[in-house]
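A.B. asks: Can you keep this structure in mind? I'll have questions shortly.
The values are calculated or read from the model by the stated rules, or taken from the named source; none is laboratory data. If you're wondering where the values come from, they're calculated on a predicted model, not measured in any experiment. All Cβ positions, even for glycine, are placed from backbone atoms using ideal geometry, and neighbour counts span all protein chains on display. Ligands, DNA and RNA are stripped out before the accessible areas are found, and what is left, the full protein with its side chains, is counted by its heavy atoms. Shrake-Rupley method; radii C 1.70, N 1.55, O 1.52, S 1.80 Å.
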Amino acid sequence: MATITSDMIKDLRERTGAGLMDCKKALTEVDADIEKAVDYLRKKGIAGAAKKAGRIATEGGVTSYIHMNNRVGVLLEVNCETDFVAKTPDFLAFCADVAMQIAAMNPACVRREEMDTSKVESERALLREKALAEGKPEKIVDKIVDGQVGKFYSDNVLLEMKFVKDDKKTIELLQQELVAKLGENIKIRRFTRYELGEGLEKKSEDFAAEVAAQIKA
């Protein structure tokens, strides 16, 4: 068995935010492999987050984000269980990151269940028609379309989007990791995104792409 050092435990704790004993146990379970230990703690945290999902979360805060050119703005409500957690740096940083994500990617809704079903069915019909026109065998068209509809959700549903700062994570995974770290149920409740001149006839500009590029920079 590989030797587990205090430096390894410290490194793992800094990378995951987990407690000392949890870090030591994780390293023991994966024979002192740091990367595997990170995955171990992440999976454990997600399982713990699922158990907390049913708990009442009525505290939290409303975060505002204004893009530096004053052309895109976001108001975001995120809930947690206590006022204490709502004031922690980790919670506030999460809210700021999610608000920037909304500014950059312009999601349609927070979760899949909130998506306008008529839009989904319209998208599904168009994708099916396109697949058939491309000569795809009808017996596998529905399976192909299901995959493409999944991509449609990941492009339009906030929780299913890839995080603009780390595309290996979705916003939902980011939320679950915060739940595991802070020990409270945390939920993104709602948001409103404003774009200057939206709905008015104007020169076409891709503000969402501009915000995303500046966040990554």
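A.B. asks: Cβ-Cβ distance below 6 Å, separation of 6 or more or different chains: which pairs start in region 173-186 with a residue that is modelled with pLDDT of 85 or more and end on one that is aromatic (Phe, Trp, Tyr) and surrounded by fewer than 20 Cβ atoms within 10 Å (Cβ to Cβ)?
C.D. replies: From region 173-186, the pairs are LEU174/PHE163.
A.B. asks: Tally the residues that are among the acidic types (Asp, Glu), free of Cβ contacts under 8 Å to residues at least 60 places away in the same chain and open to solvent by less than 100 Å² (accessible area, probe 1.4 Å), restricting the search to region 187-202.
C.D. replies: So the answer is 0.
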